[in-house]
Amino acid sequence: MQGYDEPVYLISAVATMLEIHPQTLRQYEREGLVEPSRTQGRIRLYSQRDIDRMKFILGLTRQMGVNLAGVDIILQLKAQIDAMEVELCQLKESLSKVNRNGSVHISKALVTTTSYDIIIFKSQKVD
């Protein structure tokens, strides 16, 4: 069984799965939107994570009409949010350890978080 990050899919298989031309995958790689692994012979290999990322990109471009520059910005913002959520979890864990020692009163040590999902609505013209 392959792991989520294990590169196992050839470009032709990914193109077929996503119903896109292999050239589209190459373009997205040139744009820096996806970075497949490479074999010694420079053959592209995609992981399931890469495929899920491509599905997200295709959703933005096909359903929402976002151009590739916009996709890049959205992906950067999403990465920042993900990093902040990881940092927040680490801070909560550190605070929890301090609370076990009784150093900080529990009423002053509450940390809450909200998970953020990026939702983009396509505007519709009303006649």
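The values are calculated or read from the model by the stated rules, or taken from the named source; none is laboratory data. Predicted model, so just to flag it, every value in this text is computed and none were measured. We place every Cβ from the backbone using ideal geometry, glycine too, and count neighbours over all the protein chains shown.
Output the number of residues of the stretch 19-74 satisfying the condition of being without any contact (Cβ under 8 Å) to a residue 24 or more places away in the chain, under 16 Å from GLU6 (Cα atoms) and either surrounded by 16 or more Cβ atoms within 10 Å (Cβ to Cβ) or not assigned by TED's automatic domain parsing to the domain that holds GLY3 (or both).
So the count comes out to 2.
Would you check if GLY59 is on the phi > 0 side of the Ramachandran plot, not in a strand (DSSP E or B) and not acidic (Asp, Glu)?
No.
Scan (1) part of a helix (DSSP H, G or I); (2) modelled with pLDDT under 90; (3) surrounded by 10 or more Cβ atoms within 10 Å (Cβ to Cβ) for the single condition GLU6 breaks and write down its number.
So the condition that GLU6 fails would be (1).
Mind listing just one residue for me: the one in the stretch 71-122 that is of a type in the set (Ser, Thr, Tyr) and touching a helix residue (DSSP H, G or I) at 6+ places or on another chain (Cβ under 8 Å) and, of those, modelled with the lowest pLDDT?
Among residues in the stretch 71-122 that are of a type in the set (Ser, Thr, Tyr) and touching a helix residue (DSSP H, G or I) at 6+ places or on another chain (Cβ under 8 Å), the one modelled with the lowest pLDDT is THR113.
With the condition kept exactly as written, say whether any residue in the stretch 37-51 is part of a helix (DSSP H, G or I), more than 21 Å from ALA79 (Cα to Cα), among the β-branched types (Val, Ile, Thr) and touching a helix residue (DSSP H, G or I) at 6+ places or on another chain (Cβ under 9 Å).
no
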